[in-house]
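A.B. asks: Take this structure first; my questions come after.
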Amino acid sequence: MIPGLTGKSEMIVGDADLVSQLGSIDVDVLSTPRLVQLMEDAAIKALQGFIPSDQLSLGTHVKIKHLSPTPLGMKVVAHALLKEVDKNRLIFLVDAYDKMEKVAEGEHERILVSKGRFLQKVNKKRTG
């Protein structure tokens, strides 16, 4: 894995993406969990074609600031830049913009793990 890899993910804010769907605020703006998911998707896209088929990349840590609201119907674009590689640990700088301004920034950590061992652990929990 090489620092400098980049990924991008975009979406149009829809009804299912709104904070009002969480039941906490009756305002039709992009929710923070959905924004995090978009930035995580950008990091995953940065790794496409670079992860061996016997491995998975798993999100382990997210630290972002949600800076500004994005209303229903507006496009949001997230970017991820692989900043650091430490063995199987990958640190990304992430940000997101709507058509008006930067709406989020932060860091996202992913790890590379054995697909076989991960699936064994999942199956053990299912049957245990």
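The values are calculated or read from the model by the stated rules, or taken from the named source; none is laboratory data. Every value quoted in this text rests on a predicted model; they were computed, and no experiment measured them. Don't worry about glycine lacking a Cβ; one is built from the backbone with ideal geometry, like all the others, and counts go over all protein chains shown. These area figures cover heavy atoms from the full protein model, side chains too; ligands, DNA and RNA do not enter into them. Shrake-Rupley method; radii C 1.70, N 1.55, O 1.52, S 1.80 Å.
A.B. asks: I need the calculated FRET efficiency for the pair residue 22 and residue 107, taking r as the beta carbon distance and R₀ as 25 Å, to the nearest 0.05.
C.D. replies: Efficiency, from the Cβ-Cβ distance: 0.60.
A.B. asks: From the helices alone, meaning DSSP H stretches of at least four residues, give me the mean residue ellipticity at 222 nm for the chain, per-run term -39500 (n - 2.57), in deg cm²/dmol to the nearest 500.
C.D. replies: -7500 deg cm²/dmol
A.B. asks: With r as the distance between the Cβ atoms of residue 6 and residue 55 and R0 = 25 Å, compute the FRET efficiency 1/(1 + (r/R0)^6) and round to 0.05.
C.D. replies: Approximately 0.80, to the nearest 0.05.
A.B. asks: Given axes a ≥ b ≥ c from the Cα gyration tensor, I'd like to know whether the chain is rounded (a/c under 1.5), prolate (a/b larger than b/c) or oblate.
C.D. replies: oblate
A.B. asks: Which order, highest average first, do 71-79, 49-57 follow once you tally other Cβ atoms within 10 Å for each residue and take the mean per peptide?
C.D. replies: Per-residue mean Cβ counts within 10 Å order the peptides as 71-79, 49-57.
A.B. asks: So which aspartates and glutamates can residue 99 reach, going by Cα to Cα under 13 Å and dropping same-chain residues fewer than 8 places off?
C.D. replies: In chain and number order, the partners are 10.
A.B. asks: Pulled fully out, how much extra length does the chain show between residue 120 and residue 68, if you take 0.36 nm times their separation in residues and subtract their Cα-Cα distance? Working shown, then result.
C.D. replies: Details: separation 52, 0.36 × 52 = 18.72 nm, distance 4.11 nm.
In short, 14.6 nm is gained.
A.B. asks: Moving on to the next point. Going highest first, how would you order 87-100, 35-48, 108-121 by mean Cβ packing within 10 Å?
C.D. replies: Descending mean neighbour count gives 35-48, 87-100, 108-121.
A.B. asks: Can you send over the carbon and sulfur percentage of the accessible area for the chain, probe radius 1.4 Å, protein chains only?
C.D. replies: Taking all protein chains in place, the chain shows 52 percent carbon and sulfur surface.
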